[in-house]
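We did not get these values from a lab; they are worked out from the coordinates using the rules stated. Since the model is a prediction, treat every value here as computed from it, not as a measurement. Don't worry about glycine lacking a Cβ; one is built from the backbone with ideal geometry, like all the others, and counts go over all protein chains shown.
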Amino acid sequence: MITCHLTKLETALDQIKKSNPKMKPADAALIASALSLTGRHAIALYDGEHYKCPEDYDKLTRAMVGQMQMVQEGIETTTVKKAAKTVTEEEPVIVTVGLMPNLSAGERILEGRDELKAKLSDILQDGVEFVYAGIDILWQWALDRVNWSTISDMDMSRRIKIKASFTEGAVGTEMGTAGAKKKATAKKPAKVEEVPAEA
């Protein structure tokens, strides 16, 4: 199984070179680039349908409205009103969308190189682990920016978080879910007052 780090393409390139020592370096680089595109342009899987980004954006968000409304209705029926002093920020509701590698996106940059297309297909069939940040996957980036209140024509009283993750044809590992650590700021030294020396 090849690991393809979507922000560090050299990891996939090194593994492709090791598993195919006779392959020309330029061809290995093309395969690594194509493999990266299969992950970045992954196909969304939702309710038995396939959706490509960006052309199916409206179609997928409309298909998800029903689930968003059910989430909202479920919240409204189980919510107990608390005094303003005791209300804390609630965790967002997680809604999952499956992903699968988009072979056709990778094949586009391999036009006229059928032997490289076959190699890319073989790599995907053997299994790939994509390592990525949330902004590396087009669907995750797009779904993070959906205004569900506008699309569903409802007031959303609870924050919804869409989680797109690889469920077919690949394994996914998301990086940076804990967030960036804050750096400690350097404290200024205390001001020392000078006392004039006695004469």
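Of note:
- Peptides 158-169, 143-154 ranked from most to least packed give 158-169, 143-154, packing being the mean of other C-beta atoms within 10 angstrom over each peptide's residues.
- Sum of side-chain charges, Leu6 neighbourhood, beta-carbon under 14 Å (Lys, Arg +1; Asp, Glu -1): -2
- Zone residues, the stretch 124-142, relative to Asp58, backbone N less than 19 Å from point 7 Å out along Cα-to-Cβ: 139, 142
- Phi angles across the stretch 14-25 convert, under the Karplus curve 6.51 cos²θ - 1.76 cosθ + 1.60 with θ = phi - 60°, into 3J(HN,Hα) values of 4, 5, 5, 5, 5, 7, 9, x, 8, 6, 5, x Hz, Gly and Pro given as x.
- The stretch 1-69: GluC sites (Glu not before Pro) in DSSP loop, at most 10 other beta carbons within 10 Å: Glu55
- Using the Cβ-Cβ distance between Asp153 and Asp47 with R0 set to 22 Å, the FRET efficiency works out to roughly 0.60.
- FRET efficiency, 1/(1 + (r/R0)^6) with R0 30 Å, evaluated for Glu111 and Gln67 via beta carbons: 0.20
- The stretch 133-147 - phi-based ³J(HN,Hα) in whole Hz, Karplus 6.51/-1.76/1.60, Gly and Pro as x: 9, x, 7, 7, 9, 4, 5, 4, 4, 5, 6, 5, 10, 6, 8
- Cleavage-rule hits (chymotrypsin sites (Phe, Trp or Tyr not before Pro)) in the stretch 4-77: DSSP loop, at most 11 neighbouring Cβ within 10 angstrom: none
- Two-site FRET efficiency, Lys22 against Ser121, from Cβ-Cβ distance with R₀ of 25 Å, rounded to 0.05: 0.85
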